[in-house]
Amino acid sequence: MGEKIYEVRKIKKKGKRMPLIGDKFPKMEVQTTQGMMKLPKAFKGKWFILFSHPGDFTPVCTTEFVSFQLRYDQFRDLDCELIGLSVDQVHSHLKWIEWIWENFDVDIEFPVIADTGKVADTLGLIHPNKGTNTVRAVFIVDPEGIIRAILYYPQELGRNMDEILRMVEGFQTAEEKNVAIPANWPCNEIIGKGLIIPPASDIETAIKRPEKYKCFDWWLCYRNYYKW
């Protein structure tokens with residue numbers, strides 16, 4: 001009987017997987033530099049970005065914290081909040097934030113999660129072939145608490161904050177206008193600031209597409225963002 005229970009537990013543990021795009025962000029209560037928070041409830045009705053770090057007082061992470069803060073107003077203009085995570089304790093986070101203020105005159109305003117490893121395990125931030133530290137992950141979560149994008153960076157490569165901003169704006173634009181976003185938008189090499197119209201699903205719509213939109217073919221049509 002004991003062996004059967006062990007096997008069931010083993011199967012359940014083996015079946016655990018990291019969150020994927022389209023999943024609900026896992027419910028969790030976390031300790032942060034701004035007190036206890038319940039995720040994703042704390043950001044209900046807002047977009048938010050959770051980004052992880054392998055540790056405090058690390059060079060690349062420090063540059064990223066400064067870069068996120070310098071663009072914080074731009075994220076908030078998109079109704080998007082930021083929350084960091086590092087596998088260190090709150091007192092370490094507070095000292096690191098103080099150090100950033102003293103050396104770069106930048107005040108970190110967003111909360112930072114103090115993690116003992118539980119949150120990192122839940123979010124799948126430990127990638128064994130890259131060592132035992134958390135990878136640099138980015139979770140973009142919409143106002144309904146759905147994960148819309150996940151980015152992973154190795155420890156040696158810092159993130160591009162402007163791309164993360166572009167992604168949030170792109171998601172919001174795609175939903176508002178019912179369009180798709182082309183590569184390098186809003187500076188696409190083919191259609192510039194244009195937004196791609198969803199492909200036609202029937203013959204009649206396909207025939208009429210070139211009459212309503214700019215088209216290279218019936219399946220590749222677009223409209224200018226500013227003339228919507």
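Please give, to one decimal in nm, the separation of the simple spin-label points placed at D79 and K214, each 7 Å out from Cα toward the Cβ. Reported label-point gap for D79 and K214 is 2.9 nm.
Strictly greater than 27 Å: what percent of every Cα pair in the chain meets that? Every Cα pair in the chain considered, those over 27 Å come to 45 percent.
Using the heavy atoms of the protein chains alone and a 1.4 angstrom probe, what is the accessible area of the chain per residue in square angstrom? Mind dumping the intermediate values first?
Details: 13380 Å² over 228 residues.
That works out to 59 Å² for each residue.
Nearest 10 degrees, 0 to 90: what angle lies between the long axis of helix 90-104 and the longest principal axis of the chain (Cα atoms)? Helix 90-104 sits roughly 60 degrees off the main axis of the chain. From helices alone, the chain scores -10500 deg cm²/dmol at 222 nm; the rule is -39500 (n - 2.57) for each run of n ≥ 4 DSSP H residues, then divide by the residue total. Local charge for K41 was computed over the other residues whose Cβ lies under 15 Å away, with Lys and Arg +1 and Asp and Glu -1, and equals +1. About its Cα centre, the dipole of the chain is roughly 1100 debye, where the only charges are +1 on Lys and Arg Cβ and -1 on Asp and Glu Cβ.
For region 16-123, with all protein chains present and a 1.4 Å probe, just round the carbon and sulfur fraction of the accessible area to a whole percent. List each step's numbers first, then the result.
Numbers: 2850 of 5440 Å².
Exposed carbon and sulfur together represent 52 percent of the surface.
By the rule of a second cysteine Cβ within less than 4.7 angstrom, the chain holds isolated cysteines at C61, C80, C187. Just the protein heavy atoms count here, and of the accessible area of region 149-228 at 1.4 Å, carbon and sulfur take up 54 percent.
Here's the list of aspartates and glutamates a cross-link from K38 could span, going by alpha-carbon distance under 15 Å and ignoring same-chain residues fewer than 8 apart: E29, E81, D115, E144. Dividing the convex hull volume of the alpha carbon atoms of region 115-210 by its residue count gives 167 Å³ per residue.
The values are calculated or read from the model by the stated rules, or taken from the named source; none is laboratory data. Model, not experiment: these values are computed from the prediction. Every residue, glycine among them, receives a Cβ derived from its backbone with ideal geometry; neighbour counts consider all protein chains shown. These accessible areas exclude ligands, DNA and RNA; they are computed on the full protein's heavy atoms, side chains included. Shrake-Rupley method; radii C 1.70, N 1.55, O 1.52, S 1.80 Å.
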